[in-house]
Amino acid sequence: MKNIAWDKGEHSAGPPGPEAPSRRHFLDYLLGTSVVATLGAILYPIFEFMSPPQVIESTESSVVAAKLSEVPANSGKIFKFGSKPGIIVRTESGELKACSAVCTHLECIVQYRPDIKHIWCACHNGHYSVDGKNISGPPPRPLEEYKVNTRGDDIVVSKS
Amino acid sequence: MKSGRAHSISISNALAAIAVFLFFCASASAQKKSSCIECHIKLDDTRLSAPAKNFENDIHKSRGLSCNDCHGGDPNSDSKEGAKDPRKGYLGKPKTLDIPAYCGKCHSDANLMKRFNPSLRVDQEREYYTSVHGKLLKEKGETRVATCISCHSVHGIRAINDPLSSVYPSNVANTCAKCHASADYMRSFGIPTDQFDKYKTSVHAKALYEKQDLSAPTCNDCHGNHGATPPGIASVANVCGQCHARQAELFQTSPHKAAFDQKQLAECITCHSNHAIAKPGDQMIGTGAGALCINCHSNSDKGFVAAGLMRSRIDELIAGIDKSTEILNRAERAGMEVSKPKFELKGATDALTHARVLIHSSSTVEVDKVVGPGLEVAKKSYQAGVAALAERRFRRKGLAVSLVFILFLALLVYLKIRQIESRQAVSE
Amino acid sequence: MRIAALKLWLDKRLSISTLGELARKKEVPLHRHSIWYYFGGMTLFLFVVQVATGILLLLYYRPSSENAFESVQFIMTEVKFGWLIRSIHSWSANLMIATLFIHMFSVFFLRAYYPPREITWVSGVVLLFIVICFGFSGYLLPWNKLAFFATKVGTEIAGVVPIVGRTILRFLRGGDDVTGATLTRFFGFHVAVLPATATVFIAIHVLLVQLHGMHVPAKYEHSYQRMKFFPNFILRDLIGWILAIGALAALAALFPWELGEKADPFAPAPAGIKPEWYFLFMFQTLKFIPAKILGMDGEVLGIMAFNLVALLLFIVPFVDRSPENRRRRLIFNACGVLALLYIVVMTVVGYVT
């Protein structure tokens with residue numbers, strides 16, 4: 001670009017002729033259109049970015065796991081905790097407990113058994129207490145325990 | 001004032017003195033004099049000094065017992081004759097035949113044992129006589145069999161939860177192997193000696209020694225300890241079912257149960273073998289090479305078809321998971337964020353694990369019940385992978401289009417510069 | 001007519017015509033090294049991109065240890081064009097540091113800091129450090145494993161400085177350890193403190209450039225041509241900026257910035273923690289320094305040496321003041337080349353090992 005001799009006589013650009021104004025107009029027109037198009041290409045993603053997404057944002061640290069009415073005494077319910085399943089258990093005495101629902105043995109999803117009144121993994125007959133402690137069978141570790149609170153009719157589970 | 005304080009000080013001093021005195025009395029009674037140890041530890045013959053030395057680490061010593069509590073005699077006497085006086089109950093070294101009763105004197109006495117360890121069982125002696133060891137000892141007078149001290153050692157007996165104990169879970173197999181792996185020792189009994197070598201190759205040994213999982217089974221977990229005996233054909237399923245409860249339960253409901261009973265086949269070990277039990281694999285089921293089903297089932301029967309079907313369903317699920325994993329990995333390598341479908345794919349792996357257990361029911365319907373949803377999950381993850389790759393193509397197309405615009409604009413600006421500059425040149 | 005009236009109205013109040021006059025008068029020298037004049041403008045442009053994309057990211061980002069990673073993941077997966085905005089922010093940050101280094105070295109070698117441009121240089125060096133702080137604080141914000149441990153190591157290095165080290169470390173971390181508190185304050189630095197300071201120094205820097213005009217190297221002082229700043233030079237700048245937008249879009253689409261795994265303060269440090277590339281040569285140096293040098297802690301010496309270099313950077317224009325002293329010129333050139341070589345070699349070594 002440095003060799004553009006704008007202050008010298010010789011240059012490769014066409015000499016100003018009678019059609020020069022129309023060529024100039026054409027260039028300006030193209031330039032204007034392209035600027036608008038490029039600005040559009042830049043502003044469109046920005047505009048889209050700012051419009052709120054459809055999915056409700058995931059909050060990992062606490063989640064409304066269920067309604068109180070969905071979990072009667074002596075039952076359990078699997079809920080989605082971030083990207084992992086969790087299990088919420090209501091004991092016979094009405095106490096609410098929550099822990100991870102991923103079995104520590106081979107990562108099956110555990111369930112609450114009302115007949116034996118604790119958490120059970122169907123894959124290899126692993127047993128956990130309602131607090132998630134491994135009490136029998138192959139599980140090597142307890143399930144991660146979560147904190148449970150109630151807010152009105154909502155059961156809110158959070159990582160302790 | 002002053003005298004009052006001195007008074008209170010002297011009282012507290014007196015109390016402290018009493019406390020110290022009581023402490024010494026207590027420790028003196030625990031550390032009572034034992035002429036047995038005093039003499040034996042000095043003896044040159046190691047056979048005679050070793051008991052005194054080893055007793056230092058013995059669980060019985062830490063519970064306040066001493067030589068005379070088993071061997072009788074008088075530890076207060078300073079002379080050999082006085083200490084070993086039969087009138088004072090001196091028993092000396094028991095004969096092999098008498099050892100179970102010798103230990104059982106205390107260990108079979110529930111009232112006595114309660115004082116030391118309320119939860120300790122007191123049926124070891126009785127159980128021992130139900131074992132092959134005990135029967136040979138009692139009925140045939142065979143003294144080369146294992147007695148209490150063969151496994152627990154003697155004079156250096158440690159608690160079973162002491163890692164140095166010869167019967168600590170990770171030491172049990174070695175302890176049994178001392179006799180059972182010795183071809184010389186076992187020759188006259190006419191039993192194989194390869195169990196220990198086989199066990200060492202097993203999945204159980206791997207769990208115990210490599211993963212240090214103390215709950216993994218070693219010899220006594222299947223054979224019993226004090227009542228050690230090979231489980232019979234009828235009871236082997238109960239043995240394995242202690243841990244593999246789900247598989248055992250499923251097997252009981254399967255058509256195999258009746259067939260095995262009828263043919264007098266041992267459950268579990270017919271397919272899985274015993275000491276050299278390997279990590280099970282999918283090749284074990286089916287009708288192809290390496291499949292165990294074809295040992296009994298042949299081309300035409302129902303079991304043959306079911307085996308083939310179960311295998312194909314499991315293979316289908318594995319293939320589905322692999323396919324999804326592959327596409328998700330590809331999307332991930334391409335920089336797409338696919339951690340969510342990757343997590344959801346775990347549901348399919350879950351189904352696979354479950355299906356592998358359900359095989360023990362020998363029911364294609366049961367297996368299908370979990371394979372179906374598993375395939376569904378795998379399919380969804382696959383679609384998520386496809387979508388991620390499509391999104392990537394969309395990005396590239398979008399990029400190509402906008403790059404065209406951008407480069408075109410740059411070119412136009414360049415032309416504009418040339419135009420402006422040519423005019424500037426002319427106007428000068 | 002109405003537009004003309006509006007122009008007049010505005011001109012009376014804002015004296016636009018004077019500004020226009022200034023712009024028309026402004027000229028850019030043309031010589032063999034004119035190409036380097038573009039890098040200052042390019043750095044400024046990328047800074048503007050950073051501000052724009054940064055503001056956009058603020059709409060969704062949440063500065064807490066529980067939510068930071070998830071919110072960035074959310075931006076990357078759920079928000080429309082979130083991947084584009086975040087990747088551009090990350091790529092532009094790195095390109096900005098690269099163009100800034102080029103700008104600085106070109107100014108150094110062309111001696112553009114000769115009187116009366118000392119303050120321009122000093123403000124530029126301040127901006128360099130501000131930008132490095134931007135990079136260091138921004139790196140932690142996604143709260144992923146690598147960033148977490150890189151920050152841990154980075155702040156630890158600051159903590160080694162004698163006497164004040166401990167205080168600096170606690171100030172940076174907001175406590176004794178890298179925790180959510182660190183994240184909160186890094187966020188504060190990144191979006192409030194640093195942008196404010198940067199704006200002030202950019203204003204000073206750019207105003208001074210206008211005041212003194214472009215510097216012409218001594219060699220061409222008597223034989224150079226001129227180019228009008230407006231529109232000739234600014235249009236060339238514009239081409240560069242348009243191409244930069246294209247490059248950023250391409251980088252973002254072809255190589256989206258990775259997110260990695262969420263930081264876990266209790267997990268063991270992963271193998272091969274490396275800082276961002278612009279810290280790599282320092283990181284590598286500290287690795288090579290022996291533990292003890294003449295009874296002193298090697299690491300401390302290394303850090304002190306880097307601090308010294310930083311200090312020297314500030315006083316460059318006060319030591320080397322005129323083209324007359326040829327020996328000094330030679331020494332300065334040698335130092336510059338050595339520093340450049342050192343940075344390049346150490347960075348490469350850092351990547352290879």
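Laid out as a table, the results:
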read-out	value
Convex hull volume per residue for region C:49-137, taking Cα atoms only, in Å³	93
Span-rule helices in chain B, defined as complete DSSP H runs reaching 20 Å or more along the axis (Cα) with Kyte mean at least 0.5	B:2-30
Gyration tensor (alpha-carbon) shape descriptor, region C:243-298, a/c threshold 1.5	oblate
Quarter of Cα convex hull surface for the protein assembly as shown, i.e. mean projection, nm²	71.3
Amide H partners (placed H, <5 Å) of B:GLY73, local residues excluded	B:GLY89, B:TYR90, B:LEU91
Residue among C:THR120, C:THR18, C:THR197 with the largest mean-square fluctuation in a Gaussian network model of chain C, springs linking Cα atoms under 10 Å	C:THR18
More than 15 Å apart - percent of Cα-Cα pairs taken over region C:90-129	42
Inter-probe distance in nm under a simple model that places probes 7 Å from Cα toward Cβ, at B:THR46 and A:ASN74	6.6
Given charges at Cβ of Lys, Arg, Asp, Glu: chain B dipole, positive-most of B:PHE116, B:ILE277, B:ALA181	B:PHE116
If the convex hull is drawn through the Cα atoms of region B:187-275, its volume per residue in Å³	115
Taking only Cα atoms of region B:130-194, radius of gyration then Dmax in Å	12.8, 35
Rounded FRET efficiency, nearest 0.05, which uses the C-beta distance separating C:ARG329 from C:ASP297 and R0 of 30 Å	0.25
Cα shape, region C:220-353, gyration tensor, a/c 1.5 rule	oblate
Cubic angstrom per residue, convex hull over Cα atoms of region B:83-200	146
Fewest-first sequence of C:VAL349, C:VAL309 by Cβ atoms within 10 Å of each Cβ	C:VAL309, C:VAL349
Under 13 Å from the Cα of A:LYS67 - aspartates and glutamates, other chains or at least 8 residues apart	A:ASP153, A:ASP154
nm² value of the averaged projected area, convex hull over the Cα atoms of region B:334-428	7.8
Helix runs (DSSP H) in chain C reaching 20 Å along axis by Cα, Kyte-Doolittle at least 1.6	C:37-58, C:118-140, C:194-212, C:234-254, C:298-319
Cα gyration tensor shape of chain C, rounded if a/c is under 1.5, else prolate or oblate by comparing a/b with b/c	oblate
Mean Cβ count within 10 Å, highest first, over the residues of peptides A:110-117, A:93-100	A:93-100, A:110-117
Exercise: per-residue mean of other protein chain Cβ atoms within 10 Å, C:225-231	3
Dipole of chain B, positive direction: furthest Cα of B:ASN225, B:CYS268, B:ILE420, with charges on the beta-carbon	B:ILE420
Proximal charge balance of C:VAL209 [Cβ under 15 Å; K/R count +1, D/E count -1]	0
Net +/- balance of residues flanking B:ASN238 in space, Cβ distance below 12 Å, scoring K and R +1, D and E -1	-2
Point-charge dipole on Cβ atoms (K/R +1, D/E -1) for region C:98-183, about Cα centre, debye to 20	40
For C:54-66, mean number of other protein chain Cβ atoms within 10 Å	2
For the protein assembly as shown, calculated [θ]222 nm from helices alone, where every DSSP H run of n ≥ 4 adds -39500 (n - 2.57)	-18500 deg cm²/dmol
Shielding of C:243-253 by partner chains, average beta-carbon count, 10 Å	5
Relative contact order (%) - criterion: Cα under 8 Å, at least six apart; region: region B:61-191	13
Size of charge dipole - chain B - debye, nearest 20, with Cβ of Lys, Arg +1 and Asp, Glu -1, no other charges	1040
Per-selection Rg to Rh, region C:115-203 - Cα, Kirkwood hydrodynamic radius	1.04
Two-site FRET efficiency, C:VAL349 against A:VAL64, from Cβ-Cβ distance with R₀ of 56 Å, rounded to 0.05	0.60
Relative packing of B:291-299, B:323-331, which averages over residues the other C-beta atoms within 10 Å, highest first	B:323-331, B:291-299
Amide H contacts of A:SER75 (H built 1.01 Å from N, under 5 Å, at least 5 apart or other chain)	A:ARG90
Among C:ALA253, C:ALA147, C:ALA198: highest mean-square fluctuation, GNM of chain C, C-alpha pairs under 10 Å	C:ALA253
Reduced Cα scattering model of region B:307-359, Debye log10 I(q)/I(0), q = 0.24 Å⁻¹	-0.87
Nonlocal amide H pairs with C:VAL28, under 5 Å, H built at 1.01 Å	C:MET227, C:LYS228, C:PHE229
Test item: Cα-centred dipole of region C:158-247, Lys/Arg +1 and Asp/Glu -1 on Cβ, debye	100
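Coordinate-derived values only; no laboratory data. Since the structure is predicted, the reported quantities are computational estimates derived from the model, not experimental observations. Glycine also receives a Cβ, built like all others from the backbone with ideal geometry; neighbour counts cover every protein chain displayed.
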